[in-house]
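Step one of this worksheet: look at the structure below.
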Amino acid sequence: MRTRHTNNPQFALRGIAVCALMMAPAVAAPAHAQSTAPGEAEAIVLRPLSFFKVNDLDFGDIIPSATAGTVTLAPDGSRSRTGGVTLAGDGGEPARFAGLGSLNRQVNISLGSNTIWLNGPGVRMRARTFEIGSTPTAVLSTSPTRFRITSPLGNYNFPVGATLEVGANQAPGDYSGTFTITLNYL
């Protein structure tokens with residue numbers, strides 16, 4: 001048997017390429033893709049005469065200036081401003097609480113304090129003048145702040161708004177603080 005040897009690299013490369021192309025269909029298997037991703041499920045099971053926070057009070061995105069000002073977020077979700085503050089976007093939403101009592105049960109609501117401080121990367125900001133709002137299941141009377149549960153199932157919810165004092169040249173970043181709501185079922 002004679003072996004032919006060539007010093008032509010072009011011939012050798014063409015031969016390798018032809019062999020690779022001929023073997024490719026035999027080697028390639030059909031592609032099947034499978035992908036998984038985890039999900040979460042949550043549930044809150046209430047005991048009678050209890051309540052929980054549905055969402056936090058969010059004043060939305062604001063742009064400070066060289067002049068101090070305020071942002072007021074009403075319980076109905078509307079936002080307004082004073083002074084040098086500019087409202088950015090449509091953000092912001094009142095805090096919302098929900099609970100379970102019984103039909104016609106009276107509930108008194110009180111705030112731990114009507115002023116809190118929000119801390120962040122700059123000078124702290126004060127949130128004040130908290131306002132508890134009415135809903136169809138929690139129509140408030142204002143003296144003292146109370147409502148009667150009107151849902152036959154005993155469920156109710158209510159929003160909470162407030163006013164935020166923004167300093168002149170307030171440093172950008174996230175600011176947060178906590179406030180306390182107490183319910184007394186009568």
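Each value in this text was obtained by applying a stated rule to the coordinates, not by laboratory testing. Keep in mind the model is a prediction, meaning the values are calculated, not measured. With ideal geometry, Cβ positions are generated from the backbone for all residues, glycine too; neighbour counts draw on all protein chains shown.
What to note about this one:
- Pair ASN157, LEU186: separation of 7 Å Cα→Cβ label points (nm): 2.6 nm
- Label point 7 Å beyond Cα of ASP90 along Cβ direction - residues of the range 58-73 with amide nitrogen under 16 Å: 60-61
- The relative contact order of the range 84-167, computed from alpha carbon pairs under 8 Å that lie at least 6 residues apart in sequence, is 40 percent.
- Net lengthening on full extension, THR82/ASP174 (0.36 nm per residue, minus Cα-Cα): 31.1 nm
- Histogram of C-alpha separations across the range 53-186, 5 Å bin width, %: 2, 10, 20, 21, 16, 11, 8, 6, 3, 1, 0
- The local environment of PRO159, defined by Cβ-Cβ distances under 11 Å, has a net charge of -2 under the rule Lys, Arg +1 and Asp, Glu -1.
- Karplus-based coupling profile of the range 165-176, in residue order and whole Hz: 8, 9, x, 4, 6, 4, 5, x, x, 8, 10, 8, with θ = phi - 60° in 6.51 cos²θ - 1.76 cosθ + 1.60 and x standing for Gly or Pro.
- The range 44-131 gives an Rg/Rh value of 1.06, both radii derived from C-alpha positions and Rh following Kirkwood.
- Residues LEU118, LEU46 arranged by fewest to most Cβ contacts within 10 Å: LEU46, LEU118
- Computed from phi, the 3J(HN,Hα) profile of the range 63-80 under the Karplus parametrisation 6.51, -1.76, 1.60 (θ = phi - 60°) reads 10, x, 9, 6, 10, 5, x, 9, 10, 10, 10, 6, x, 7, x, 6, 10, 9 Hz, with x in place of Gly and Pro.
- Amide H within-cut-off set for THR86, under 5 Å, with H built and near neighbours excluded: ILE63
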